[in-house]
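This report concerns only the one structure given below.
The values are calculated or read from the model by the stated rules, or taken from the named source; none is laboratory data. Everything numeric in this text was worked out from a predicted model, so none of it was measured. Cβ coordinates were reconstructed from backbone atoms using ideal geometry, including for glycine residues, and neighbour counts include every protein chain displayed.
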Amino acid sequence: MGRKKSRVPVRLTSVDEMIKPNADELRCILRGADEIIFTAGRDMLAKILKGSKDKKVLAHNLDQSPVYGCFGTRTIAAITAMIDWAIGARYLAVEHDGRLPLIVFAPKGWELYKPIYAEELHQLILQTTEEEAVVALIERLKRTNREIVLILLEQIAATKNIGAIRFLERWKETEVKKVQARINWAVSEIRRAGS
């Protein structure tokens, strides 16, 4: 009978050596974390934020993250100290899947992150016009967490940008009824502002 492998322990940076990120830095950390939720740990998150050319980063296309390299001038140790602050402040957490410790959102971090990601998607919708890119974005939205989709539709409705209607109508064709109803609401809010 083989020995059972024990969990890899998590040793966070000591509290007095943690680095508190500012609001923009915390948003970068949360955005980077989203790329690896429950698939990788603190080390991989630090590599994404550093802009590492590590073969695992590149193999999983993590260099395509919008926050890849956002802490490029910092050391991995300093970036890890910021990630550990986010864990200690309960924006992120570490959970084990088998023996490996993986990054996950803590409830406080998830609540802060949802509108950040919704705004990123909103900007993509406004900038995406090429047919192939529109189809790819619609597929991405279908895989996006429903809470974020609802926040996104509220943001779109609030901007009253008539240019978003064409995209919304295309998106609606592929969605479930609840999301279709919310898309219809967003379109009517935009049209009401234009009349």
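The residue list I29, I36 contains one member that is in a loop (DSSP other than H, G, I, E, B) and farther than 15 Å from R99 by Cβ, which is I36. Scan D24, D43 and give me the residue that is outside the structural domain of E120 (by TED's automatic domain parsing), within 26 Å of P115 (Cβ to Cβ) and in a helix (DSSP H, G or I). That would be D24, the only listed residue that is outside the structural domain of E120 (by TED's automatic domain parsing), within 26 Å of P115 (Cβ to Cβ) and in a helix (DSSP H, G or I).
Checking the stated criteria, Q64 turns out not to satisfy the condition of being under 30 Å from K172 (Cβ atoms), without any contact (Cβ under 8 Å) to a residue 12 or more places away in the chain and not assigned by TED's automatic domain parsing to the domain that holds P21. Among the conditions (1) touching a His at 6+ places or on another chain (Cβ under 9 Å); (2) surrounded by fewer than 13 Cβ atoms within 10 Å (Cβ to Cβ), L102 misses just one, which is (2).
Look at K5 and say whether it is basic (K, R), surrounded by fewer than 13 Cβ atoms within 10 Å (Cβ to Cβ) and not in a loop (DSSP other than H, G, I, E, B). Spelling it out, it is not the case that K5 is basic (K, R), surrounded by fewer than 13 Cβ atoms within 10 Å (Cβ to Cβ) and not in a loop (DSSP other than H, G, I, E, B). Residue pairs whose Cβ atoms lie under 7 Å apart, sitting 6 or more positions apart in sequence or on different chains, and linking a residue in region 72-98 that is touching a residue at least 24 places away in the same chain (Cβ under 8 Å) to a partner that is acidic (D, E), are A81/E17; M82/E25. Of the residues D34, D54, D43, only one is among the acidic types (D, E) and without any contact (Cβ under 8 Å) to a residue 12 or more places away in the chain; which? Step by step, each of D34, D54, D43 is checked, and only D54 is among the acidic types (D, E) and without any contact (Cβ under 8 Å) to a residue 12 or more places away in the chain.
Among the residues of region 165-179, the one identified as over 15 Å from Q123 (Cα atoms), surrounded by 12 or more Cβ atoms within 10 Å (Cβ to Cβ) and of a type in the set (A, V, I, L, M) is V179.
Yes/no per residue for (1) touching a Lys or Arg at 6+ places or on another chain (Cβ under 6 Å); (2) surrounded by 14 or more Cβ atoms within 10 Å (Cβ to Cβ):
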{"residue": "A33", "(1), (2)": "no, yes"}
{"residue": "K56", "(1), (2)": "no, no"}
{"residue": "S65", "(1), (2)": "no, yes"}
{"residue": "A77", "(1), (2)": "no, no"}
{"residue": "A81", "(1), (2)": "no, yes"}
{"residue": "H96", "(1), (2)": "yes, no"}
{"residue": "P107", "(1), (2)": "no, no"}
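Counting only helices (runs of 4 or more DSSP H) that sit wholly inside region 73-180, those with at least 1 residues that are at pLDDT below 95 are 107-127, 131-142, 146-159, 165-172. Listed by first and then second residue, the pairs with beta-carbon distance under 9 Å, at least 6 apart or on different chains, first residue in region 140-162 and assigned by TED's automatic domain parsing to the domain that holds E189 and over 16 Å from E111 (Cβ atoms), second buried (at least 16 other Cβ atoms within 10 Å of the Cβ) and of a type in the set (S, T, Y), are T144/Y117.
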